Amino acid sequence: RFIQGKNHKDSFWKGEPMTKQDIEPILKKHQNAGRDMLIPILQEVQEQYGYLSQEAVIRIGEFLNLPTSKIYGVATFYNQFRFQEPGRFHVQICRGTACHVKGSAGVLEALKRELKIDPGQTTRDGLFSLEIVACMGVCGLAPAMNVNGEVYADISTEKIKKILSEYRRKAEKDANSN
């Protein structure tokens with residue numbers, strides 16, 4: 001479960017899944033909402049928790065009086081929505097033209113090997129999730145990677161292990177201080 005910060009990037013993992021009750025504060029802000037508010041509500045839930053849980057989708061359907069299949073249909077149409085909880089460290093790899101030309105395909109393969117996950121997945125320990133993005137808008141830094149908003153430039157397969165090790169150490173240090 002995320003302890004809420006301003007958004008999911010300011011929150012931290014507590015190991016419990018999101019429940020229907022977790023999204024009630026968001027729904028209360030939209031008391032008389034109709035189906036036209038579906039996307040904004042989905043966006044708010046994802047901004048707050050980092051993903052859309054099955055429980056959240058069901059509760060939003062109840063709230064808007066829409067079938068769950070309709071909610072999933074809309075949410076799967078847009079690639080901005082995720083249905084799996086992001087890791088504590090959300091890794092985005094740019095696959096835009098400049099990054100592609102500069103070797104981001106190899107970096108992506110190194111990330112997949114090192115994390116033992118594919119894009120769209122989260123590691124078993126909940127530390128890392130991996131996402132491919134079309135462009136990060138930092139073409140002069142290609143190939144680029146982003147971890148929780150921190151951009152890493154001129155990424156290479158060699159740099160991947162070092163960067164991921166730093167985040168693992170941070171998680172271990174935080175765990176030991178609690």
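The values are calculated or read from the model by the stated rules, or taken from the named source; none is laboratory data. Quick caveat: nothing in here was measured; it's all calculated off a predicted structure. Positions of Cβ are backbone-derived with ideal geometry, glycine not excepted, and every protein chain shown enters the neighbour counts. Side chains are part of the model used for accessible areas, which takes the heavy atoms of the whole protein and leaves out ligands, DNA and RNA. Shrake-Rupley method; radii C 1.70, N 1.55, O 1.52, S 1.80 Å.
How big is the dipole moment of the chain about its Cα centre under a simple scheme where the beta carbon of each Lys and Arg is +1, that of each Asp and Glu is -1, and everything else is neutral? Debye, nearest 20, please. Present the calculation step by step, with values, prior to reporting the outcome.
Values: 25 positive and 21 negative charges, 45 e Å.
Charge dipole of the chain: 220 debye, to the nearest 20.
Report, in degrees rounded to the nearest 10, the 0 to 90 angle that the Cα long axis of helix 157-177 makes with the longest principal axis of the chain.
Approximately 60 degrees, to the nearest ten.
Treating the angle as unsigned and between 0 and 90°, give the value, to the nearest 10°, between the Cα long axis of helix 68-77 and the longest Cα principal axis of the chain.
In the chain, helix 68-77 runs at an angle near 30 degrees to the longest axis.
How would 102, 170 line up by accessible area, probe 1.4 Å, largest first? Provide the component values of the computation, followed by the final result.
Numbers: 102 135, 170 95 Å².
Final ranking, largest accessible area leading: 102, 170.
Once you put a point 7 Å from the Cα of residue 54 and another 7 Å from the Cα of residue 150, both along the Cβ direction, what distance in nm separates them?
3.5 nm
Using R₀ = 45 Å, calculate the FRET efficiency as 1/(1 + (r/R₀)^6) where r is the Cβ-Cβ separation of residue 62 and residue 166; round to 0.05.
Working: r = 43 Å, r/R0 = 0.95.
For R0 = 45 Å, the calculated efficiency reads 0.55.
Just the number, please: Stokes-Einstein D of the chain in µm²/s, Kirkwood Rh from C-alpha pairs, 37 °C, 0.692 mPa s.
Details: Rh = 17.4 Å.
Translational diffusion coefficient: 188 µm²/s.
Just to confirm the number: angle between the C-alpha axis of helix 38-49 and the first principal axis of the chain, 0 to 90 degrees, nearest 10?
That helix lies at roughly 50 degrees to the long axis.
Report for the chain the percent antiparallel among DSSP-assigned beta bridges with both residues inside it, nearest 5.
Values: 9 of 15 bridges.
The answer is about 60 percent antiparallel.
At a 1.4 Å probe radius, carbon and sulfur cover how many percent of the accessible area of the chain? Intermediate results must be reported in sequence, preceding the final value.
On the way: 4980 of 10050 Å².
Carbon-and-sulfur percentage of accessible area, whole number: 50.
Between residue 33 and residue 113, what's the calculated FRET efficiency when r is the beta-carbon distance and R0 is 41 Å? Round to 0.05.
Values: r = 44 Å, r/R0 = 1.08.
Result of the calculation: an efficiency of 0.40.
Which one, 176, 142, 132, is farthest towards the positive end of the dipole of segment 131-178 when Lys and Arg carry +1 and Asp and Glu -1 on their Cβ?
176
If I stretch the segment between residue 139 and residue 69 completely, what's the gain in nm (0.36 nm per residue apart, minus their alpha carbon distance), one decimal? Show your work: numbers first, answer last.
Values: separation 70, 0.36 × 70 = 25.20 nm, distance 3.86 nm.
Going from the current span to full extension adds 21.3 nm.
At 0.36 nm per residue, minus the direct Cα-Cα distance, what do residue 131 and residue 175 gain on full extension? Give it in nm, one decimal, please.
Numbers: separation 44, 0.36 × 44 = 15.84 nm, distance 2.50 nm.
Length difference between fully extended and current span is 13.3 nm.
With every protein chain present, what is the per residue accessible area of the chain (1.4 Å probe, Å²)?
Numbers: 10050 Å² over 178 residues.
It amounts to 56 Å² per residue over the chain.
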